């Protein structure tokens, strides 16, 4: 099986296409210089349109120019003939829920569509967003009452005279006689006759292309279809190709097991379909038996994968517990507490230890420790002599929690706060979430880190109804899939454990994440040793405790949010409790403080000892001292985690509003040609 790597140009286009249709949660209130609607021809008896009575912007001396704008949602909703404004005029549009208006050409497709929205009832723009980094709008949602009670979101595309422009609909200006079609869907569509096959079994692929002139998908003829996998830089590696016939059909045959992405080369393999190819003899997986005690040392034998044994992992943790009930360093005890909660195993000594006052240095210590208390059913406000929530809330600056230059302290703040009486209607939750979403990089990750991205997915699934969250989660999942190794894992047991929890938070199964026939759970089982601990016995005991605690929750498929008990917020706790206004565009952190600590692919953590632990042969998490003594402003990427990877080192200040927010700033057909030409 020969694979070849596509060009970097195709890679950029693919990344762009994967993460463009992301909601941002702003509401549309367009204030435009309106074009006059000359006529309105309803396409169906149920669609109604009231002709606009506004005045055309063109002067009487100018010859009248008209264009046609049609709206489709499966079928034609309505067709409007519009008198075009003067080419020199602009319209002022504001995102939904915001009064910050931005000028666009009055002849642009978007300006004309928003004018129609103000004067007609056939449709309603419910979510329009603006991105400063690209000086561009994104049309997220349109409600069509005759089609559905709910708006259609995140996949609105447009064409002009049957062609798909390479700029956004807020930039494309209609000319006399143009016909613009705004429709819900993608330019291309791909499907398989079966989602799974065995090695050597042919699979039929159907490719279609949207015909904007009549609102139908027609066979995509003479197009190259390929089955690919993406490497760590998101470059597609092609394993099989075929050309579509006159009916848009092509046949692919894979010679090796694995999970493949099937798509069209023309569109950068997006949209696509997933094809799972297995060997003729299917290996036994661990998915259905992880909670049992059927496992050995996690090795493979005779084509079968031995299950991860949770009971033996917990037994290992108990065997290394100290006489005071702890596991040594505070972060190890906290993660062990969460592991015991995952397995529903009581540990009186550990609980007694947690009830004693902990010595914590920074906000991330408090976040992690509050999670440990909540996992054990201990009230983080009053269950001990210290309120561990208050130090988190007091670092909220109106947009984010803790260090404005870090993402993980924001991500991990959501876990304990959402179980401490705070909800998505509180500003500290809504605005911190907005900051997290805006900090996502264009490749779908946070900090180019598997660990932080997996944690981000877990946190955001708990607030999935907030603006922009669902799209951010989708892009984060795409990033993680691109980072998976050929052995099914993500480089080490630590990262693999967090990804397994993210998979569970997504409502998915590890069996849907197989590469080369191996799932992340298979990889994790292979790291378990004969004594039940994870990582080789030659590794430092602290590393093995840490890895094993992570693995218990991961093997059981339990994300952190599912493990924490909830407690009411004391009536005196008001910091950060201001309700977020409905539909308001929430602020995001814009600090440009330079990150001073190095990022790692495994979870770094602050500990009471400054020593750097780097076990071999498998890279182990680096433990970084929480705060460099005598050096102000240098904090380890965070400590709650005992495992939070840091932001990647920057050569200059971090620009949150431009570099991080580019993920959402592009439409399906906006800027594709522009990006390609730049390369």
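Here are some residues: 444, 421. Which one is surrounded by fewer than 23 Cβ atoms within 10 Å (Cβ to Cβ) and part of a loop (DSSP other than H, G, I, E, B)?
Just a single option satisfies the conditions, and that option is 421.
Please work out which residue is surrounded by the fewest Cβ atoms within 10 Å (Cβ to Cβ), limiting yourself to segment 232-261 and to residues that are in a strand (DSSP E or B) and free of Cβ contacts under 8 Å to residues at least 40 places away in the same chain.
243
Out of segment 466-487, which residues are within 21 Å of residue 550 (Cα to Cα), surrounded by fewer than 23 Cβ atoms within 10 Å (Cβ to Cβ) and touching a helix residue (DSSP H, G or I) at 6+ places or on another chain (Cβ under 6 Å)?
Scanning segment 466-487 gives a single hit, 487.
If you take the residues of segment 299-317 that are surrounded by 24 or more Cβ atoms within 10 Å (Cβ to Cβ) and either in a strand (DSSP E or B) or out of contact with any helix residue (DSSP H, G or I) (no Cβ under 7 Å at 6 or more places or on another chain) (or both), which of them is modelled with the highest pLDDT?
Among those residues, the one meeting the criterion is 309.
Listed here are the residues, each with its yes/no results for (1) over 29 Å from the mean Cα position of the chain (by Cα); (2) farther than 27 Å from residue 75 by Cα; (3) surrounded by fewer than 24 Cβ atoms within 10 Å (Cβ to Cβ).
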| position | (1), (2), (3) |
| --- | --- |
| 104 | yes, yes, no |
| 111 | yes, no, no |
| 125 | no, no, yes |
| 128 | no, no, no |
| 134 | no, yes, yes |
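For residue 214, indicate whether it is in the same structural domain as residue 242 (by TED's automatic domain parsing) and either surrounded by fewer than 20 Cβ atoms within 10 Å (Cβ to Cβ) or over 28 Å from residue 274 (Cα atoms) (or both).
So residue 214 passes the test.
Is there a residue in segment 211-224 that is assigned to a loop (DSSP other than H, G, I, E, B), at pLDDT 95 or above and within 22 Å of residue 78 (Cα to Cα)?
No, that holds for no residue.
Return yes when residue 456 is in contact (Cβ under 8 Å) with a residue 12 or more places away in the chain, assigned by TED's automatic domain parsing to the domain that holds residue 515 and on the phi < 0 side of the Ramachandran plot and no when it is not.
Judged against the criteria, residue 456 is a match.
Do we have residue 339 as in contact (Cβ under 8 Å) with a residue 60 or more places away in the chain, in the same structural domain as residue 417 (by TED's automatic domain parsing) and in contact with a helix residue (DSSP H, G or I) (Cβ under 8 Å, 6 or more places away or on another chain) here?
When the stated conditions are applied, residue 339 passes them.
The values are calculated or read from the model by the stated rules, or taken from the named source; none is laboratory data. None of these values were measured; they are calculated from a predicted model. In this analysis, Cβ positions are derived from the backbone assuming ideal geometry, glycine residues included, and neighbour counts consider all displayed protein chains.
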